Amino acid sequence: MLLHVILAVDDIRRVQIETLPETVDELKTALKSKLNLEDAFVIQFQDPEFNNELCNLADMSDLPKERPRLKIILKEQPNAPPSASSSEAGCSDTSSWSTASLGNSQSTIRSKHWPCRFVIPTFPYDVELKLRKGNEAYEKDGSLLTVNAAMKRDILDRVGNAIYEYNAYPTAKQIEDVAKTLVERHPCLKEPGSSHGWYCWKFSLAFKMGNLRQKYRIAGCPELTVNQKRSTDTSTGNRKMKKAKRSEINFLPDIPEGRSPDSLETERLTLIEEMKKKKRDRKMMDALMESTFALRRKEIVGGEPPVSEIEDRWPALFSERQISAEFMRLVSSDLNQSFFDGLDKYVPKLLEVYRKRGHSCPDLRSLLHPLDEQTSNQKRRDAALLGLPYYLREDSKSFISVCETTSSAVEATKGMDIGLLVVTEDGGSNKQLLAKNIVDVAVVLEEHVILKEQKDVARAFATLMGLLYSLNIDYPKGLKYTFEVIQKVVMGIGSGNCSAKANGVRNRMLQA
């Protein structure tokens, strides 16, 4: 089916899909995939019953049957911190402590993800004037503008700084998209003799970003200085590049204006003292965790300490409330909302594609066997998550450990670097979990139980995702694609840059 989709005044596209989805959510997912959209959006359609005026699409039955015309309206990204639904034992909400009393902790914090369509910034007046006349000439006879060195420098400076506002290390695909958008916005800048017209702009922007990083590294920008000795430090071999790899928008922020490492260290010590109290001031803890974010990230990203050391220095971080708040600071997205909204949306489709694979995967078939029409939504969530490794042919044996209530936690977590410890009345195996009465689920890192008393497997998965982001821990190597699907498909974080396997799962769900 052919769709006419309006993204902007100067961006109207034809989109071909095999069949029209049954629900609005499925249509949104299809458009996200086809148009490389990441932000939340509303779909409007031209309603023939109202002289083709635009109306919000609430039900697929309202859509015209042939060649419907759609418009995408992007929603604003939330900047406010999440409201944690889970309370902490012994915490008080009565304090008048606020983030204002700690100064401006947000001065260097980014609040937006990479946009679905990059907006080309306004250039200096003389450049804009030349571009306007050049575009008019291009529309008239197709002639291209001759760009001198000074003009090119002005263009690259403005566009490069606009890119840096989102990401210091843009991917090759992101730079390519910016180059395309630049020549679409100003067609007179197309390169003569080039089939695409933007190829050289892509390389010029890539070099510009390298120069910007060098400039800001010399100035002392933390997210760049952290990699300064990466290639020269032989004590640790070939160290990995420390940069945002999971769509973090505040991976390593600078210390807020007017603050110093010493003042933030004092606040960290105040946090530790507060954690020793039976009745803690929750509002003060929230404010202190917010203000010390830059110091915490410097320690975690720069020093890469073991989890036990982070727990000693930042004990307040290891609660569901603070994990959710830290995730919001890192990704500008609500942890529980993005996880559970996405999971509930995809559970029926995931279970359907699992059943189709079940005939060739005995373990997956055994896992799903206890499910019936009376199965609770909680069990279905657990099934969708537990089935992913089997479906993707990954090994989850070292990730999920099942034990009895009388078992030793030390023995049960032995050899678990990252995982979930599931306690049942009589033990069992991973593929039998849905038939068992789960007593408790705990999150395990580096062979130690970090958080227990999770309500179910799904809740533990959400908490683990928040911890992996907060502690800058890579996904388990053996479950690389499982966690990619959870992050990019289920949670919708970084969904525009999926691997072939993750895209395959998403496409099969759309076809289910």
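The values are calculated or read from the model by the stated rules, or taken from the named source; none is laboratory data. All values reported here derive from a predicted model rather than from experimental measurement. All Cβ positions, even for glycine, are placed from backbone atoms using ideal geometry, and neighbour counts span all protein chains on display.
Key figures for this structure:
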{"item": "Flag if residue 283 is within 21 Å of residue 512 (Cα to Cα), surrounded by fewer than 18 Cβ atoms within 10 Å (Cβ to Cβ) and basic (Lys, Arg)", "result": "no"}
{"item": "Residues of the range 349-374 satisfying the condition of being surrounded by 15 or more Cβ atoms within 10 Å (Cβ to Cβ) and either over 23 Å from residue 481 (Cα atoms) or not assigned by TED's automatic domain parsing to the domain that holds residue 421 (or both)", "result": "371"}
{"item": "Subset of the range 244-279 [among the charged types (D, E, K, R) and either assigned to a helix (DSSP H, G or I) or surrounded by 21 or more Cβ atoms within 10 Å (Cβ to Cβ) (or both)]", "result": "248, 262, 265, 267, 268, 273, 274"}
{"item": "Residue within the range 435-455 that is surrounded by fewer than 20 Cβ atoms within 10 Å (Cβ to Cβ), over 30 Å from residue 175 (Cβ atoms) and touching a Pro at 6+ places or on another chain (Cβ under 7 Å) present", "result": "yes"}
{"item": "Matching residues, the range 404-423, being closer than 29 Å to residue 362 by Cβ, outside any strand (DSSP E or B) and not acidic (Asp, Glu)", "result": "405, 407, 412, 413, 414, 415, 416"}
{"item": "Residues of the range 13-67 that turn out to be in contact with a Leu (Cβ under 8 Å, 6 or more places away or on another chain) and among the basic types (Lys, Arg), as a count", "result": "3"}
{"item": "Residue in the range 438-458 that is in the same structural domain as residue 367 (by TED's automatic domain parsing), closer than 27 Å to residue 322 by Cα, part of a helix (DSSP H, G or I) and in contact with a strand residue (DSSP E or B) (Cβ under 8 Å, 6 or more places away or on another chain) present", "result": "yes"}
{"item": "Qualifying residue in the range 39-59 (condition: surrounded by 17 or more Cβ atoms within 10 Å (Cβ to Cβ), closer than 26 Å to residue 490 by Cβ and at pLDDT below 80)", "result": "yes"}
{"item": "Considering residues of the range 212-230 that are in a helix (DSSP H, G or I) and without any contact (Cβ under 8 Å) to a residue 40 or more places away in the chain only, the residue nearest to the chain's Cα centre (by Cα)", "result": "225"}
{"item": "All helices (runs of 4 or more DSSP H) inside the range 304-396 with 2 or more residues being among the small types (Gly, Ala, Ser), at pLDDT 90 or above and touching a Gly at 6+ places or on another chain (Cβ under 7 Å)", "result": "335-357"}
{"item": "Residue in the range 493-511 that is surrounded by 18 or more Cβ atoms within 10 Å (Cβ to Cβ) and closer than 17 Å to residue 324 by Cα present", "result": "yes"}
{"item": "Unmet requirement for residue 426, which otherwise passes all of (1) closer than 24 Å to residue 379 by Cα; (2) surrounded by 23 or more Cβ atoms within 10 Å (Cβ to Cβ)", "result": "(2)"}
{"item": "The lone exception for residue 426 - which of (1) in a helix (DSSP H, G or I); (2) farther than 18 Å from residue 449 by Cα it fails", "result": "(1)"}
{"item": "Members of the range 301-327 that are closer than 17 Å to residue 254 by Cα and either of a type in the set (Gly, Ala, Ser) or out of contact with any Leu (no Cβ under 6 Å at 6 or more places or on another chain) (or both)", "result": "302, 303, 326"}
{"item": "In the range 164-203, the residues that are charged (D, E, K, R) and not in a loop (DSSP other than H, G, I, E, B)", "result": "173, 176, 177, 180, 184, 185, 202"}
{"item": "Single residue of the range 388-423 satisfying the filter (touching a Cys at 6+ places or on another chain (Cβ under 9 Å) and not β-branched (Val, Ile, Thr)) that is surrounded by the most Cβ atoms within 10 Å (Cβ to Cβ)", "result": "390"}
